[in-house]
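Okay, so here's the structure we're looking at.
What follows is calculated from the coordinates using simple rules that are stated; it is not laboratory data. These numbers come from a predicted model, not from an experiment. No Cβ is skipped: glycine too gets one built from the backbone with ideal geometry, and neighbour counts run over all protein chains shown.
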Amino acid sequence: MKTYKIAAIPADGIGPEVIAAGLQALEALARRDGGFELDVTEFDWGSERYKRTGALMPEDGKEQLKNFDAIFFGAVGAPDVPDHVTLWGLRLPICQGFDQYANVRPTRILPGITSPLAGVGPDDLDWVIVRENSEGEYSGVGGRAHRGQAEEVATEVSIFTRVGVERIMRYAFKLAQSRPRKFLTVVTKSNAQRHGMVMWDEIAAEVAKDFPDVTWDKMLVDAMTVRMVKDPASLDTIVATNLHADILSDLAGALAGSLGVAPTGNIDPERRNPSMFEPIHGSAFDITGKGIANPVATFWTASQMLEHLGEMDAAKRLMRAVDKVCSDGVLTPDVGGTATTKDVTEAVCQAIRGENI
Ligand code: NAD
Ligand code: MN
């Protein structure tokens, strides 16, 4: 039997609540399938550790993670720690340190969940957003001069490399090719940003030649937000920069009903390093400890993790269980229901154990 070593980093806010739910569902799947086991190690990294020790993760954190098969991550961020400290202290060092350059964000409207878009149902919105996850606007390059003075200047430099853009473009075309519609939309802002973004457009056209069966088009990111709202059925696979896709995928999550159902995989396609799976949402201080965090995003990302590990049957079974529970109306308040995290988790585990799932 295969045993997968999973590093769980629940971190802050509702992170521990949804990761506990996700682990319960994974355990139910492992037991039901009998084909694999999970060996889970939990790490107490996050804002509490930062307040205690001055660092969100230990200095050798990457070393500690490198021999795991996958990382299962909750959310990071606390009301009394600046957001740039938490983000750059934990999530980004892992993503960038392990060169998880493809951030993959599937979005569809789950049965039983209502989109805020009138008349838009499950058949009208089924996207995968591919976010460049290693460079671009989040390269961390820049600085501040004359801090606090009237003449202060700050720079936030976007770095785009040919290697970085080409590999994400190739990943996106390949993913588009694997989906029934074989259709990719390349998002940039190449009218205003005339260097890196124009290079994106050029590289898209070059890579497209290797995928003659994929149809593709281009959008400017501002117009893209309109198209997502007005004509969601016209989109399928989408590729965009680190910043643009960050924003578009929050919108996508909201259009699919709630941030609480939006998953993401930070993937190293070459499998040199462990990949990391997490819900898109943050630590949601407003609902922390209330027992009402929606665990669906975490179930979905657990399914992405199983797929990455090669456990296709378990991955599909988990999503069938989630679909069933949502269509049965077992929903948390963010998607219009009255169920708790525990209710949804128990219903999903029960569905996993059921005969017909
Ligand atoms: P957020 O995603 O935490 O919350 C936004 C809104 O969505 C809140 O009203 C929240 O209650 C709701 N929400 C989010 N997840 C939910 C779920 N599973 N179930 C039900 N409702 C849910 O974003 P924010 O409020 O902008 O940020 C809070 C903190 O999280 C900040 O410190 C921010 O930096 C951090 N953050 C971390 C990550 C990450 O770890 N990847 C991502 C985004 C934000
Ligand atoms: Mn984000």
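Taking a straight line from the alpha carbon of LYS66, these lysines sit under 24 Å away, with near neighbours fewer than eight places off in the same chain left out: LYS2, LYS5.
Our summary of shape: the Cα atoms of the chain have principal axis extents of 58, 52, 41 Å, ordered from largest down, in whole angstrom. Between HIS84 and ARG320, the modelled labels are 4.9 nm apart [label points 7 Å from Cα along Cα→Cβ].
When each of the peptides 2-11, 254-263 is scored by the mean number of other C-beta atoms lying within 10 Å of its residues, the order from highest to lowest reads 254-263, 2-11.
Counting other Cβ atoms within 10 Å, which trypsin sites (Lys or Arg not before Pro) in segment 44-144 have at most 16 and lie in a DSSP loop?
Values: sites: ARG49, LYS51, ARG52, LYS62, LYS66, ARG91, ARG108, ARG131, ARG144; in loops: LYS66.
Listed in order of number, the matching sites are LYS66.
Looking at the calculated P(r) for segment 115-256, what percent of the C-alpha pair distances fall above 24 Å?
Working: 3508 of 10011 pairs.
The share of Cα pairs beyond 24 Å in segment 115-256 comes to 35 percent.
Residues whose amide H falls under 5 Å from that of LEU38, counting only those 5 or more places apart or on a different chain, are TYR4, with hydrogens built in the peptide plane. Among LYS324, LYS290, LYS209, LYS182, a tally of other beta-carbon atoms within 10 Å of each Cβ gives an order, fewest to most, of LYS209, LYS290, LYS182, LYS324.
Each label point was placed 7 Å from the Cα along the Cα-to-Cβ direction; for GLU59 and ILE247 their separation is 3.9 nm. Antiparallel beta bridges, as assigned by DSSP with both residues in segment 115-256, represent about 30 percent of the total such bridges.
Under a 5 Å amide H cut-off, with hydrogens placed 1.01 Å from N, TRP216 pairs with LEU184 among residues at least 5 apart or on other chains.
How long is the gain from ASP217 to LYS182 if the chain were fully straight, where each residue apart is worth 0.36 nm and the alpha carbon distance is subtracted? Working shown, then result.
Numbers: separation 35, 0.36 × 35 = 12.60 nm, distance 1.17 nm.
In short, 11.4 nm is gained.
Please report GLU278, GLU346 as a ranked list, fewest other C-beta atoms within 10 angstrom at the top and most at the bottom. Walk me through the numbers on the way to the answer.
Details: GLU278 30, GLU346 17.
Least crowded to most crowded, the residues run GLU346, GLU278.
Couplings 3J(HN,Hα) for segment 22-29, derived from phi with the Karplus relation 6.51 cos²θ - 1.76 cosθ + 1.60 (θ = phi - 60°), are x, 5, 4, 5, 5, 4, 4, 5 Hz, where x marks Gly and Pro. Beta bridges assigned by DSSP with both partners in the chain are antiparallel in approximately 40 percent of cases.
Take each peptide in 149-160, 190-201, count the other Cβ atoms within 10 Å of every residue, and average; sorted highest first, the result is 190-201, 149-160.
Have a look at TRP300, VAL207, THR188 and report the one farthest towards the positive end of the charge dipole of the chain, computed about the Cα centre with Cβ charges (Lys/Arg +1, Asp/Glu -1). Of TRP300, VAL207, THR188, it is VAL207. Between ALA293 and THR341, the built amide H atoms are under 5 Å apart, and every one of these is 5 or more places off in sequence or on another chain. Fewest-first ordering of ARG181, ARG32 by other beta carbons within 10 Å of each residue's beta carbon gives ARG181, ARG32. What FRET efficiency comes out for the pair ASN67/VAL163, r = Cβ-Cβ distance, R0 = 30 Å, nearest 0.05? According to the calculation, E is roughly 0.70.
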